[in-house]
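One structure below.
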Amino acid sequence: MADPSSYRPKPGQIPDSPGVYRFRDDHRRVIYVGKAKSLRPRLSSYFQDLANLHPRTRTMVTTAASVEWTVVSTEVEALQLEYSWIKEYDPRFNVKYRDDKSYPYLAVTLNEEFPRVQVMRGAKKKGVRYFGPYGHAWAIRETVDLMLRVFPVRTCSAGVFKNAERTGRPCLLGYIGKCSAPCVGRVTPDEHRELAEEFCDFMAGRTGAYIRRLERRMTDAAEEMEYERAGRLRDDIGALRRAMEKSAVVLADATDADLIAVAEDELEAAVQIFHVRGGRVRGQRGWVTDKVEEVDTAGLVEDALQQLYGEESGDSVPKEVLVPALPEDQVATDALAQWLSERRGSQVSLRVPQRGDKKDLMATVGRNAQQSLVLHKTKRASDLTTRSRALEEIAQALGLDSVPLRIECFDISHLQGDDVVASMVVFEDGLARKSEYRRFQIKGFEGQDDVRSMHEVIGRRFKRYLAEKERTGEWTEENEGSTTSGENGENGENGQNADDAADDTTGQIPAAPGENGHAGPFGPSSLKEDDGRPKRFAYPPQLVVVDGGRPQVAAAKRAMDELGIDDVAVCGLAKRLEEVWLPDDDDPVVLPRSSEGLYLLQRVRDEAHRFAITYQRAKRAKRIRTSPLDDVPGLGETRKQALIKHFGSVKKLREATIEQICEVPGLGPKTAESVAVALAGTAPAAPAVNTATGEIMEDDGGSTHD
């Protein structure tokens with residue numbers, strides 16, 4: 001625990017101007033980002049008597065080891081810089097709203113030649129029009145099913161669409177009139193796009209004019225005694241009205257607005273957002289957060305606005321944003337409104353509703369926020385207590401000086417000695433941190449040897465830790481030989497294909513993008529000096545858990561001793577009796593079956609096993625799917641497919657002469673010769689046999705298991 005007075009800036013150093021400040025810990029990680037219209041009084045407030053600080057603010061300032069600041073010209077600049085740094089550094093002490101679910105949206109892919117209507121979750125994409133969010137995916141599908149009668153837009157996947165193009169036959173929706181069947185040319189691309197745009201206009205709230213137009217067409221058809229067409233139009237109008245009834249009218253003036261309400265107590269806060277478009281509630285979502293410092297309702301609203309609109313632009317930011325409270329300082333309020341206007345590209349009204357329907361609706365949103373907070377506390381209260389008790393039990397059972405806030409667990413997986421891989425999973429504060437999962441290929445030796453594999457993996461993990469410390473100047477001992485500068489970071493949970501990217505020397509896998517498609521915390525951008533982001537393997541765990549018994553624990557301990565790592569505890573969890581083994585003990589530690597500490601260790605171990613076996617199966621499946629053509633130098637995927645398409649199968653290609661192979665477009669004599677040599681060096685697969693008739697079946701497929 002650091003003493004804040006040890007890094008307190010000297011009097012007169014802090015400027016009296018707007019700016020953004022960062023607290024860093026002793027590993028140079030950014031742990032908190034804040035902004036202020038005047039840096040001097042704001043930063044000075046952190047360096048008062050610790051007893052006067054909010055408990056979590058006190059934890060933050062005692063965890064920090066330094067503070068730095070950047071001066072800006074205006075509060076709008078401070079707001080923009082604060083948001084950028086929070087997204088970049090992901091500080092652990094900043095307010096982080098956690099979605100209580102993954103919300104589905106109704107999306108129209110206007111960026112495609114033939115726009116498609118579908119349900120989408122996750123990060124928003126360019127060129128796609130979104131409506132929602134909705135509480136349930138089935139609600140979207142019911143609405144779409146009603147509207148396809150009037151707006152028969154394509155809803156099929158790319159594969160189904162291409163198959164219909166190839167066969168010249170539309171899918172079932174095309175036959176029953178719920179798709180205009182652009183796949184078979186019933187409508188032109190322009191006509192189909194016009195349908196999609198009308199669909200979007202209707203979903204955006206411009207409903208009245210369209211329904212009135214349909215009613216006029218129905219009347220005209222009836223007057224002309226075209227009763228069948230009039231009946232269809234009547235049914236279309238009914239379908240649209242039923243779709244509209246699914247969204248309640250809440251504002252009679254057809255307002256486009258987002259209403260944000262907050263419910264809070266001393267430790268946590270819940271935020272609810274109602275998205276109102278055309279006077280109707282089109283979507284609802286909610287967040288929950290821990291209050292890291294003593295922040296008022298206006299501060300929580302500001303953080304919610306940053307998270308809600310930080311990645312949005314254009315019509316995704318409504319003309320009006322209604323909130324329960326605004327900063328007392330009018331300058332800060334104006335800065336928020338200006339920031340929102342810049343995101344939208346036109347004026348945005350940010351205010352607190354005072355009377356009428358909007359105030360009544362805000363009260364409804366507030367009740368939803370209060371209900372969300374109560375429900376969250378009911379579900380979470382026991383969970384927080386349980387995790388704390390589990391960590392304390394582990395510390396007590398293993399004789400640790402403090403609770404292990406970061407636990408790393410390693411497991412080895414293989415199939416009878418083939419495709420040997422390892423996994424590393426990370427739990428922080430008793431919760432899985434999947435962005436920091438890593439996976440390894442064992443290439444130091446061949447065959448099955450779990451103990452030796454564990455020694456290699458633990459050694460490689462902590463070599464990376466020492467390399468990071470040496471690079472940042474934290475490692476001062478003369479043991480440069482223990483680090484391997486040529487090693488690469490490992491893949492995370494959502495990393496790229498490990499087999500394709502693996503290094504032939506170390507068997508390790510280069511760092512890959514993290515979740516949601518952004519550069520992960522261990523990506524190349526994290527290698528800059530003192531940038532505050534997490535580095536690859538830079539965080540030492542308080543506890544290393546290995547899946548196994550005494551031999552695996554001894555191997556892990558030996559690997560750490562060889563590197564001079566003596567401040568990380570090691571234990572193993574054996575599956576048979578769920579015994580906990582320590583490196584220097586002859587007998588295991590036996591935790592009670594009802595122990596929360598044992599349950600947490602089991603969860604960590606099982607997660608490491610799941611992650612390892614998933615990777616191992618993926619490697620095995622890829623190896624099984626390989627073809628003899630993969631070994632032909634200079635033969636890409638396109639020309640491989642051309643060969644298979646021309647000859648029909650690898651079997652027939654193997655029987656072809658070099659002259660016949662040269663007939664394939666794009667293949668010259670040299671490549672044809674390489675193909676013939678590669679196939680001649682592989683034995684043909686055993687023929688397939690029909691077990692019912694005994695008939696030998698011809699190999700007409702394009703894939704082999706040679």
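The label point for V352 and the one for K126, both projected 7 Å from the Cα toward the Cβ, are 4.0 nm apart. Rounded to whole numbers, the Karplus 3J(HN,Hα) couplings from phi for the stretch 23-28 are 9, 10, 8, 6, 9, 6 Hz, using 6.51 cos²θ - 1.76 cosθ + 1.60 with θ = phi - 60°, and x at Gly and Pro. Given a cut-off of 18 Å, name the pairs among K319/K358; K125/K434; K640/K670; K443/K619; K35/K87 whose C-alpha atoms lie farther apart than that in the structure shown. Violating the 18 Å Cα-Cα cut-off are K125/K434.
Principal axis extents of the Cα atoms in the stretch 1-47, from largest to smallest and rounded to whole angstrom, are 29, 20, 14. Can you figure out the FRET efficiency of R213 with Q660, using R₀ = 45 Å and their beta-carbon distance, to the nearest 0.05? That gives a FRET efficiency of 0.10. Remark: the stretch 264-400 carries 46 Å² of accessible area per residue (probe radius 1.4 Å; ligands, DNA and RNA excluded). Of the residues Y83, M60, A107, the one whose Cα sits farthest towards the positive end of the charge dipole of the stretch 24-125 is M60 (charges of +1 on Lys and Arg Cβ, -1 on Asp and Glu Cβ, taken about the Cα centre).
The radius of gyration of the Cα set in the stretch 560-653, together with its Dmax, comes out at 24.3, 67 angstrom. In this simple spin-label approximation, L415 and T62 carry label points 7 Å from Cα along the Cα→Cβ vector, and these lie 5.3 nm apart. Note on V589 and K319: the extension gain reaches 90.9 nm, defined as 0.36 nm multiplied by sequence separation minus the Cα-Cα distance. Here the 3J(HN,Hα) profile of the stretch 190-196, calculated from phi with Karplus coefficients 6.51, -1.76 and 1.60 at θ = phi - 60°, is 5, 5, 5, 5, 4, 4, 5 Hz, Gly and Pro shown as x.
Packing order of peptides 653-662, 600-609, 406-415, highest average first: 406-415, 600-609, 653-662 (average count of other Cβ atoms within 10 Å over each peptide's residues).
Counting only other residues whose beta carbon sits under 15 Å from that of L600, what net charge do I get with K and R as +1, D and E as -1? Could the numbers behind the result be given before it?
Values: positive: R387, R389, R406, R433, R593, R603, R605; negative: D383, E392, E393, E408, E428, D429, D547, E578, E596, D606, E607.
Net local charge, L600 excluded: -4.
Computed in the context of the full set of protein chains, the accessible area of the stretch 346-428 at 1.4 Å probe radius has 48% of its extent on carbon or sulfur.
The values are calculated or read from the model by the stated rules, or taken from the named source; none is laboratory data. Everything numeric in this text was worked out from a predicted model, so none of it was measured. Cβ: placed from backbone, ideal geometry, glycine included. Neighbour counts: every protein chain shown. Heavy atoms of the whole protein, side chains included, go into the accessibility calculation; ligands, DNA and RNA do not. Shrake-Rupley method; radii C 1.70, N 1.55, O 1.52, S 1.80 Å.
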